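Q: Below is the structure I would like to discuss, written out as structure tokens.
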Amino acid sequence: MSTVSDALIRAHREEWARIVATLIRVTGDWTLAEDCAQDAFEKAAGRWPSDGVPSSPGAWLTTVARNAAMDRLRRRATEVRKITEVGVMRERDGESFAPDAAELALRPWEEDADDRLRLIFTCAHPALEMPARVALTLRTVAGLSTPEIARAFLVPEATMAQRIVRAKRRIAHAGIPYRVPAIDELPGRLDGVLSVLYLVFSEGYAASSGDDIVRRDLAAEAIRLTRLVLEIVPGDFAGEARALLALMLLQDSRRDARTDASGDLIPLEEQDRAVWDRSAVEEAVLLLRAPAVVHGAYRVQALLAAEHATAPSAAATDWGRIVELYDELATFTASPMVQLSRAIAIGFRDGTAAGLAALDRLDADGSLAGHHLLPAAQADLLRRSGDETAAAERYRAALDLAPTAPERRFLLRRLRELGASG
């Protein structure tokens, strides 16, 4: 790859959100901001090969985007006044005087917050539906194109485009402010941002539908955005963002070992641990060693993932510690998926009969009715107990409900291993 291509990719990764965020703050026009940022990158692709990569690509792109915004606003007679506001952007270029230290000390934190934080908090505003938050975050913060997002979530491009347009209209018509929350609102609103990022990662780590169980681009983008949040959020509030990044790194460290060359699922105990990304595990462990003011749900999940990632073998896994952590996680969320994972862990700690009893209780309350993971877990423990007939029946039940092709192939493989048909 050429130097110019490298520079363009790096600039898009590092500067897109900053440019769009600043243009939105100045113009209040989300579409204009995205279009002008796109114009700037297109001009860079045309000029940098002959003119050379500028010494400050971010400043070059910002200036070009700002000029594009001014040109477009000039053509809108009723919005001429906004042109003067574009001058605010010159702060980025050092064309304005910085306030003195005393003035800075008196400002509320939100006035000096990074523009990218304004963008992230607005995209993840609780007044928007979760699918809209995810789509808007990937489009506006990450800079993914609408077709890319549509492909990632397996929906038609027109559907995704409408979802993004409706989200922008909702922001405009509902008067959702383009700002970071006040300091006393920050913990709750940051939880909402992290929820969006974890949802994006989860869809990349374990796709909910389609032919692939792993969507590496989504997982990678979620990790990149979480790093961005960790970089710009005030340090006193960064604990759960740090824990979420650790959790993502630990789970993503196994991506190359989770499927075989045919894309078929490999369960954890059968994975080649030599293939796991040890640098990601080490980074995550270091993140978890940082002092934690808040001991929240992401931290507990990261500690759970670390138990698996640092165990020398599947047989050496400390299932007692894992059950303890699931008990702690249940104090944060009563999710049936947490109870399912806890029941499986009990099966490994106390024996298959105890695990099956815990799964039966979960089955009885109906909270996982229609979900393939419950019969799949029952089938696995029945297989381990030696009850192959009952195991086959539960594998067939899971097969009927499994949403992805790799999961269905895995369940069929288990049935074949039992000498049963699907």
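The values are calculated or read from the model by the stated rules, or taken from the named source; none is laboratory data. Just so it is clear, the model here is predicted, and its values are computed rather than measured. With ideal geometry, Cβ positions are generated from the backbone for all residues, glycine too; neighbour counts draw on all protein chains shown. To get the accessible areas, we keep the full protein, side chains included, count just its heavy atoms, and leave off ligands, DNA and RNA. Shrake-Rupley method; radii C 1.70, N 1.55, O 1.52, S 1.80 Å.
Q: Can you compute the charge dipole magnitude of the range 190-260 about its Cα centre, using +1 on each Lys and Arg Cβ and -1 on each Asp and Glu Cβ, nothing else charged? Give it in debye, rounded to the nearest 20.
A: Dipole about the Cα centre, nearest 20: 140 debye.
Q: Under a GNM of the chain (C-alpha, springs under 10 Å), which listed residue has the highest mean-square fluctuation: 299, 139, 278?
A: 278
Q: While we're on this one: Quick one: how many Å² of residue 407 are accessible to a 1.4 Å probe, rounded to 10?
A: Here the residue's solvent-accessible area equals roughly 30 Å².
Q: Taking springs between alpha-carbon atoms closer than 10 angstrom, which of 32, 362, 286 fluctuates most in the Gaussian network model of the chain?
A: 286
Q: Accessible area per residue, 1.4 Å probe, Å², for the range 254-293: what's the number?
A: Computed with neighbouring chains in place, this is 57 Å² per residue.
Q: Okay, moving on. Mind listing the phi-derived Karplus ³J(HN,Hα) values for the range 149-159, rounded to whole Hz, using 6.51, -1.76 and 1.60 with θ = phi - 60°, and x for any glycine or proline?
A: Each residue of the range 149-159 in turn: 5, 4, 5, 5, 9, 6, 10, x, 4, 5, 5 Hz.
Q: What order do 73, 373 take when sorted by accessible area (1.4 Å probe), most exposed first?
A: Listed by decreasing accessible area, they come as 373, 73.
Q: Measure nothing but the geometry: give the 0 to 90° angle between the long axis through the Cα atoms of 319-330 and the longest principal axis through the Cα atoms of the chain, rounded to 10°.
A: 50 degrees
Q: Once ligands and nucleic acids are excluded and a 1.4 Å probe is used, how much of residue 319 is accessible, expressed in Å² to the nearest 10?
A: Per-residue accessible area (residue 319): approximately 50 Å².
Q: A further question follows. Among 341, 55, 202, whose mean-square fluctuation peaks in a Gaussian network model of the chain (Cα, cutoff 10 Å)?
A: In this elastic network of the chain, the residue with the biggest mean-square fluctuation among 341, 55, 202 is 55.
Q: For the range 131-146, in order, what is each residue's ³J(HN,Hα) by Karplus, 6.51 cos²θ - 1.76 cosθ + 1.60 with θ = phi - 60°, in whole Hz (x at glycine and Pro)?
A: Coupling constants for the range 131-146: x, 5, 4, 5, 4, 5, 5, 5, 6, 8, 8, 7, x, 6, 6, 4 Hz.
Q: Starting from the amide H of residue 259, placed 1.01 Å from N in the peptide plane, find each other amide H under 5 Å away whose residue is 5 or more places distant or on another chain.
A: The answer is 266.
Q: Indicate the gyration tensor shape class of the chain (rounded, prolate or oblate), computed on the Cα atoms with a ≥ b ≥ c the square roots of the eigenvalues: a/c under 1.5 is rounded; otherwise a/b larger than b/c is prolate and the rest oblate.
A: prolate
Q: What is the percent carbon and sulfur in the accessible area of the chain, measuring with a 1.4 Å probe over the protein chains and ignoring ligands?
A: Result for the chain: 51 percent of the exposed heavy-atom area is carbon or sulfur.
Q: Ordering 298, 178 by how much accessible area each has at a 1.4 Å probe, largest first, what is the list?
A: Result, largest first: 178, 298.
Q: May I ask you to compute the full-extension gain from residue 230 to residue 47, defined as 0.36 nm times their residue separation minus their alpha-carbon distance, rounded to one decimal in nm?
A: Working: separation 183, 0.36 × 183 = 65.88 nm, distance 3.37 nm.
Difference between extended and current length: 62.5 nm.
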